[in-house]
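What follows is one structure encoded as structure tokens, with my remarks underneath.
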Amino acid sequence: MVLPYVSLQKTEQEISGLWKMKLSMRSALLIAVVPFLLLLVYYKNKEQSPKINMLQLCNCPSPNAVPNSPGPMKTEDEIEELFNKINEQIPKRTINDINEATSPEDSTVLIVNPKAGYCVGDELQVKVTAYDYSGTRKSYGGDYLRARIYSPSTNSSASGNIIDNKDGTYLVKFTLFWAGTVHISVLLMHPSEAISALWRARNQGVANIKYTGNFTSATEYVNSECGFQLDTEEEICHYLDRRDREAFYCIKPKHYPCEALTHMNSINRDHSYLNNVERLLINRSNIGLEISKSLKPITVLNCGNKNLLPTEKCSRGSYHPIPSGYFHYNVWNPIHCHIEQFTENDKLKAFLKGKKLFLMGDSTVRQYIRHFAENLKIVDYFNHTEDEMQSWQKTLLAINLEKFIYIHWKKHTFPFVSKTFYSIKEDMYMARQIDQVGGGENTIIVLTLGQHFRPFPFRIFIRSAINVRKAVERLLIRSPRTRVIIKEENARDMDIDMERFSDFHGYVQYLVLRDIFHGLNVGFVDVLDMTIAYACDVIHPPREVLENIISMSFTQAL
């Protein structure tokens, strides 16, 4: 059947109209669908990007640094670079006879260009020449010296800047900050031969400290050996922070899962990496001996000079070489900036009002919360209870409800050295602790790393410190108004096990910590300088020193 031409023409017009209608509908559909597809692609790409949930611990890469901030560290390369920087400064000397070591009795100390009178502000220079026990002049340096000036009548003291000439002589520079009768002290802490031995021993292994882990179930418990390295064929529990690559291990007890580890303790193992002569060098009778007995006190006059005190407030982001300040009437006076005194209850409460203070580290920073709660009583402990497995190592929380003050102390985890068992379930690496702090302008973190790391290879300390720096970087990115203060290591007792806990180990940690945190907007409290100046050779500085440490911390947190 043939359709009429007219009918066919009409059909084509109808079809053309339908086609145009379909095109219009397709265009409208495309207009609606394209934005949806673009939005879908955006969210798809976003899902593929690394996520960071601030409420959880994850193994995510660190967020990118903000402009003008230090770039992220390549941890392994950084560890080796920092280790080698210290290693190059360590003398490499081995002796078989103690008579070859530096002798404090035979070494000499002389004032360079002595004067009949001295004025406040003058520089006093002292030359130290090292001799061994046979009376032979030393031809190389590396001795660990400690120098200070002091006036007992005014409770004044300051450390000296020691320059090693690498030829057996040393130049010590003192600034005469106050008037009066001034005594000079130069101690030989360790001869260079002992320094060489201590450094080698520290980095030789981890056998000097034995850790014991306590694995518990509902009805019983069992102890097992733990540590940074374990030489055993038995099954091992690996406690690994995959992101920060910090690790600790325990021998797995039979019938207990690795998750059953709840408590830990440590003891000094009957072990030494030193030979007989080296052990004799670090015997207490050969530590911290005076080599300046022949020096008489000098008299310092004002001479009409005005001792101009700095007016710029001590702030974060910078630190200064020793001496960074001096004590006068038991008050610490920084020489580069002005310090606020936080010794009165009202001033402390006004400063801490509405603030959260997080204290992280060892028992030396734990002194802060104890001072506030037990001496000044401006806060009350919230959870000061004991149990059968915990003592001083447990977390402390103190509050003041009237002033909305919150103070929290938590120890860092491995390595932590304690003869008594302590809980590890409530603790974590310091970097993880920092990650869990929200931050803000009313948040202050005071942290310290050092004392418990001394017995272990230096690279363990460097890795932990780098991880803490990365955590501080992340904190300051998400909350740049947070105040972070680093309380540096303090000098401690001389009658302890020197192979494990010598102040020399603390000194090299002090040096590398400044390199690691250089460039960050953090405060530094030079407690090593303060405790050397004050000659407080105890692990927990006395109250008059502690109050100055706290004042220096809070001045930088203003």
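The H on the amide N of residue 445, modeled in the peptide plane, is under 5 Å from the matching H of 358, 483, 484, 485, each at least 5 residues off or on a different chain.
Note on segment 319-401: with neighbouring protein chains present and a 1.4 Å probe, carbon and sulfur make up 52 percent of its accessible heavy-atom surface. For residue 342, nonlocal amide neighbours, meaning residues 5 or more places apart or on other chains whose placed amide H falls under 5 Å from its own, are 551.
Ellipticity at 222 nm from helices only: DSSP H runs of n ≥ 4 in the chain, each -39500 (n - 2.57), divided by the residue count, give -9000 deg cm²/dmol.
What the phi angles of segment 521-536 give under the Karplus curve with 6.51, -1.76 and 1.60, with θ = phi - 60°, is a coupling list of 7, 10, x, 10, 10, 7, 6, 4, 4, 5, 6, 5, 4, 7, 6, 9 Hz, glycine and proline written as x. Across the alpha-carbon atoms of segment 486-545, the computed radius of gyration and Dmax are 12.2, 37 angstrom. Computed over protein heavy atoms with a 1.4 angstrom probe, the accessible surface ordering of 391, 107, 294, largest first, is 294, 391, 107. Counting only alpha carbon atoms, the long axis of helix 192-202 and the longest principal axis of the chain meet at about 30°. Using a probe radius of 1.4 angstrom, the carbon and sulfur fraction of the accessible surface of segment 480-558 is 52%. Each pair of Cα atoms in segment 385-522 enters the Kirkwood radius, and Stokes-Einstein at 10 °C and 1.306 mPa s then converts it into a translational diffusion coefficient of 96 µm²/s. Counted by Cβ distance under 14 Å from residue 519, the other residues give a net charge of +1, where Lys and Arg count +1 and Asp and Glu count -1. Across every direction, the projection of the convex hull enclosing the Cα atoms of segment 147-230 has a mean area of 11.0 nm². Rolling a 1.4 Å probe over the protein heavy atoms leaves residue 181 with an accessible area of roughly 70 Å².
Both numbers refer to the Cα atoms of segment 434-498; Rg and Dmax are 14.6, 45 Å.
With all projection directions averaged, the alpha carbon convex hull of segment 216-294 covers 9.9 nm². In this structure the chain gives 49 Å² per residue of accessible area when probed at 1.4 Å with all protein chains present. Inter-part distance, segment 207-275 to segment 83-146, computed on C-alpha centroids, equals 43 Å.
Summing charges over all other residues whose Cβ lies under 10 Å from the Cβ of residue 277, with Lys and Arg as +1 and Asp and Glu as -1, gives -3. Averaging over all projection directions, the Cα-based convex hull of the chain occupies 43.7 nm² in the image plane. Computed from backbone phi, the HN-Hα couplings of segment 158-174 come to 7, 8, x, 8, 9, 10, 8, 7, 6, 10, x, 10, 9, 10, 10, 10, 10 Hz, rounded to whole numbers (Karplus: 6.51 cos²θ - 1.76 cosθ + 1.60, θ = phi - 60°; Gly and Pro given as x). P(r) tail for segment 266-391: Cα pairs beyond 20 Å make up 73% of the total.
By DSSP, what percent of the beta bridges with both residues in the chain are antiparallel, rounded to the nearest 5?
Numbers: 69 of 90 bridges.
The antiparallel fraction comes to roughly 75 percent.
By a 1.4 Å probe calculation restricted to protein chains, residue 148 has an accessible surface near 40 Å², given to the nearest 10. Residue-normalised convex hull volume from the C-alpha trace of segment 167-304: 261 Å³ per residue. Heavy-atom accessible area for residue 377, with the other protein chains in place and a 1.4 Å probe, reaches approximately 140 Å².
Applying the criteria of a DSSP loop state and at most 15 other Cβ atoms within 10 Å to the chymotrypsin sites (Phe, Trp or Tyr not before Pro) of segment 295-331 yields 329.
The GluC sites (Glu not before Pro) found in segment 295-393 that occupy coil by DSSP, while having at most 10 further C-beta atoms within 10 Å, are 312, 344, 386, 388. Each Cα pair of segment 81-160 feeds into the Kirkwood radius, which the Stokes-Einstein equation turns, at 4 °C and 1.567 mPa s, into a diffusion coefficient of 82 µm²/s.
Determine, at each q value in 0.14, 0.16, 0.21 (inverse angstroms), the log₁₀ of I(q)/I(0) that the Debye formula gives when each Cα of segment 81-221 is one equal point scatterer. With one equal scatterer per Cα and no solvent, log10 I(q)/I(0) is -0.77, -0.92, -1.22.
Using the average count of surrounding beta-carbon atoms within 10 Å as a protection proxy, the listed peptides 506-514, 233-241 rank, highest first, as 506-514, 233-241.
When the alpha carbon coordinates of segment 332-417 are projected onto the principal axes, the ranges are 44, 34, 20 Å, largest first.
Ranking 515, 380 by solvent-accessible area of protein heavy atoms (1.4 Å probe, all protein chains present), from largest to smallest, gives 380, 515.
The values are calculated or read from the model by the stated rules, or taken from the named source; none is laboratory data. All of these numbers come straight from a predicted model, not from anything done at the bench. So basically every Cβ, Gly included, is an ideal-geometry build from the backbone, and we count neighbours across all protein chains shown. Accessible surface is based on the protein model in full, side chains and every heavy atom, while ligands, DNA and RNA are left aside. Shrake-Rupley method; radii C 1.70, N 1.55, O 1.52, S 1.80 Å.
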